[in-house]
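In what follows, a single structure is set out as structure tokens and then discussed.
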Amino acid sequence: MKEIIPPDGGQHHLKNYESVFGTFRFEDVHADFSWHTTGKVNMAYELIDRHTTGPRKNKTALLYADDHRRESYTFEDLRKLSNRFGHLLQRLGVSKGDRVFFFMPRSPEVYIGMLGAFKIGAVVGPLFEAFMEGAVTDRLADAEAAVLVTTAALKERVPRGKLPNLRHLIIVDEQPEYAAGEVNFKQAMAESEEELELAWGSLEDPMILHYTSGSTGKPKGVLHVQGAMIQHYITGKWVLDLQEDDIYWCTADPGWVTGTSYGIFAPWLNGATNLVRGGRFSADGWYRTLQDYGVTVWYSAPTAFRMLMSAGDELTAKYSFGRLRHVLSVGEPLNPEVIRWGLKVYGKRIHDTWWMTETGAHMIVNLPCMDIRPGSMGKPFPGIEAAIVDNQGNVLPPNSLGNLAVKTGWPSMMRQIWNNPAKYDEYFSVPGWYISGDSAYMDEDGYFWFQGRVDDVINTSGERVGPFEVESKLVEHPAVAEAGVIGKPDPLRGEIIKAFIALREGYAPSDELLDHIRLFVKTGLSAHAAPREFEVLEKLPKTRSGKIMRRVLKAKELGLPTGDLSTIED
Ligand code: WT7
């Protein structure tokens, strides 16, 4: 008998899954948007401006807190500030479709800036602040970004000489001197106008470009369009269950898709008060945030829950979570013991959700009105058709392991891999289906159970790392001849990065050398991409065509059979 945790009986937007599954159409929500009557679409208008013509005008839209700043902005404040930023971009000559990137820590300016960019029809590109020069350069160059919004410290990682298309850097904090092409944010905002002519467009206009990792090649620029808002809005309503008096906290950084789709779009499309906590993770700090702000809806990740769990129940007992109403998780498998622990310490079920950068919004979910089966990701969101298919696209019966696939065509589906149509087509190689790269099975009641990745993509602490990008950086180090990188199961981080390397002639393995190599990846790519473990081999297993066989390395690591070795070199 499978473990089942029934709903808690609270009031939710959606009362019953069965009543809408199979009948709901995304078209049903069009009438909730301004463009339904005007025919003119602008993301920021629907996020912010729309609310300022009614009772939400002076409602708190953004609560911001870190160790140095505590601020609060109404919808009207954000409307005016984003107008100013939009005007600032216009004066820099930015026009519709130009890429405006953001490379900075969480702060109110990121949110104001992204909204302002949407207002003039620019395509927003978020970059995680931990990226180092190599990672930043690859992404800005691929997107041919015209403007970068950043800080005085982070701009040191931006080699402008290698980025001919990058016309302006907007420096958000102050610096003593401004070089040609650098803009003083504060001053330029003050010189901007508070009213702005918005760029109106269509549902298919490009809106945001998120870079994500695959198993081969450079990171891919996943492009989403304005029409994705339909799905952000309705999943915000039904899955996050956002209600008028909620204080909503999504812990993700806007450098990742969760931090935009569910840290910006879903909450504000629903007119919710959105809390942003800057700075690093600390169990104490997070609990204080939950308590002091009276957070009611909380969206986080398994790694964070596991870290809170390992901080001990004595800590949890020091705080009260009386206002907490709804808790959700995304990014990696949510362990059943974490769900049981959440029930014990918060008195709430943790609702798992499954989706990807490429899907743009929730695909498989646990709605508050559904039974939870710990260990399962839930069921498809109404309007989404998910299935387990074989490599030919045949739908497999319940309880068979196969490719987790989604019938193509949903509002937030990516529309392009930037500059790389061939990569885009790979996702749709089985006609009619989007192939996720995850393997899973569906039980006889329609619940989906995640089993792993089909490819070699690593998921460490909920962040996707492409093994190829790490391997490429490793072989740039003078001591490294060859490298193969795998994800190794880890109780706290889900997976850690383990690198197998062969050294060049004249180098001998030592802790010092390996530390040096680790630092080389950390400073060249980012901290989360740096291998935590190394193993030095004479030679790496390769196919006859020279491809490193990560599968063999992984099997060896896990003590499993290596499988078919017919293509191995010797
Ligand atoms: C990959 C997507 C957009 C969400 C944040 C990550 C894994 C995501 C779950 C889950 C098990 C999950 C999958 C997926 N993943 N959610 N609930 N259970 N695995 O977005 O960086 O695009 O990564 O994260 O492997 O393919 P992402």
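Values quoted throughout were computed directly from the atomic coordinates according to the rules given, and no laboratory measurement underlies them. What you are looking at is a predicted structure, and each value in this text was computed from that prediction instead of being measured. When we count neighbours, we look across all protein chains shown, and the Cβ atoms used for this are built from the backbone with ideal geometry, even at glycine.
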Fill in the blank from the handout: When the charge dipole of the range 459-558 is computed with +1 on Lys and Arg Cβ and -1 on Asp and Glu Cβ about the Cα centre, the Cα farthest towards its positive end, among L474, V536, A555, belongs to A555
Fill in the blank from the handout: Proximal lysine pairs in the range 459-558, meaning Cα under 23 Å and 8 or more positions apart or interchain, come to 27
Fill in the blank from the handout: For the range 26-133, averaging the sequence separation of alpha carbon pairs under 8 Å that lie six or more residues apart and dividing by its residue count, the contact order in percent is 24 percent
Completion exercise
Cα extents of the chain along the principal axes, largest first, in whole Å, come to 71, 65, 53
Exercise for the section: Distance between Cα centroids, the range 488-512 to the range 389-407: provide it in whole Å. Expected result: 35 Å
Practice task
With 5 Å bins from zero, work out the P(r) of the range 454-556 over every alpha carbon pair and list the percent per bin.
Solution key: 2, 13, 26, 26, 19, 10, 3, 0
Problem - Signed unit charges on C-beta, dipole axis of the chain, positive-most listed residue F85, Y427, T251 - result: F85
Exercise for the section: Show the residues, 5+ positions off or on another chain, whose built amide H is closer than 5 Å to the amide H of E535. Expected result: A499, F500, I501
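Hand me the chymotrypsin sites (Phe, Trp or Tyr not before Pro) from the range 119-225 located in a DSSP loop with no more than 15 other Cβ atoms within 10 Å, in residue order please.
Filter output for the range 119-225: Y178, W200.
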Handout entry: Theoretical ellipticity at 222 nm over the chain - DSSP helices of four or more residues, -39500 (n - 2.57) apiece, nearest 500
Key = -7500 deg cm²/dmol
Practice task
Out of all DSSP beta bridges with both ends in the range 17-441, state the antiparallel percent to the nearest 5.
Solution key: 45 percent
Practice task
Assuming R0 = 35 Å, can you tell me the calculated FRET efficiency for the pair D67 and E133, based on Cβ-Cβ distance, to the nearest 0.05?
Solution key: 0.85
Practice task
Mind scanning K15/K80; K318/K348; K119/K218; K40/K237 and naming the pairs with a C-alpha gap bigger than 28 Å?
Solution key: K15/K80; K119/K218
Exercise for the section: Post the alpha-carbon centroid distance, the range 101-145 to the range 245-262, in whole angstrom. Expected result: 16 Å
Practice task
First measure r as the distance between the Cβ atoms of L565 and E385, then evaluate 1/(1 + (r/R0)^6) with R0 = 51 Å and state the FRET efficiency to the nearest 0.05.
Solution key: 0.85
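Roughly speaking, what is the stretch gain from A527 to S95, that is 0.36 nm per residue apart minus the C-alpha to C-alpha distance, in nm to one decimal?
Result: 152.1 nm gained on full extension.
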Completion exercise
With x for Gly and Pro, the residue-by-residue ³J(HN,Hα) of the range 489-494, computed from phi through the Karplus equation 6.51 cos²θ - 1.76 cosθ + 1.60 at θ = phi - 60° and given in whole Hz, is x, 9, x, 8, 9, x
Fill in the blank from the handout: Put in order of increasing Cβ neighbours within 10 Å, starting from the fewest, K237, K556, K119, K220 give K556, K237, K220, K119
Handout entry: Euclidean distance between Cα centres, the range 37-67 to the range 317-352, Å
Key = 29 Å
Fill in the blank from the handout: Here the percent of antiparallel bridges among DSSP beta bridges lying wholly in the range 459-558, to the nearest 5, is 75 percent
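Based only on other Cβ atoms within 10 Å, what is the fewest-to-most ordering of R99, R532, R544, R106? It would help to have the intermediate numbers written out before the result.
Numbers: R99 24, R532 14, R544 10, R106 20.
Fewest-to-most ranking of R99, R532, R544, R106: R544, R532, R106, R99.
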Fill in the blank from the handout: Residue span I4 to D313: 0.36 nm per residue of separation minus Cα-Cα distance leaves a gain in nm of 108.8 nm
Completion exercise
Taking r as the C-beta separation of E194 and R167 and R0 as 25 Å, the FRET efficiency to the nearest 0.05 is 0.50
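Dipole size in debye (nearest 20) for the chain around its Cα centre, Lys and Arg Cβ +1, Asp and Glu Cβ -1?
The dipole magnitude comes to about 280 debye.
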Exercise for the section: Figure the gain on full extension for K40 and F21 (residue separation times 0.36 nm, minus the Cα-Cα span) and round it to one decimal in nm. Expected result: 3.8 nm
Problem - Residues C369, C250 arranged by fewest to most Cβ contacts within 10 Å - result: C369, C250
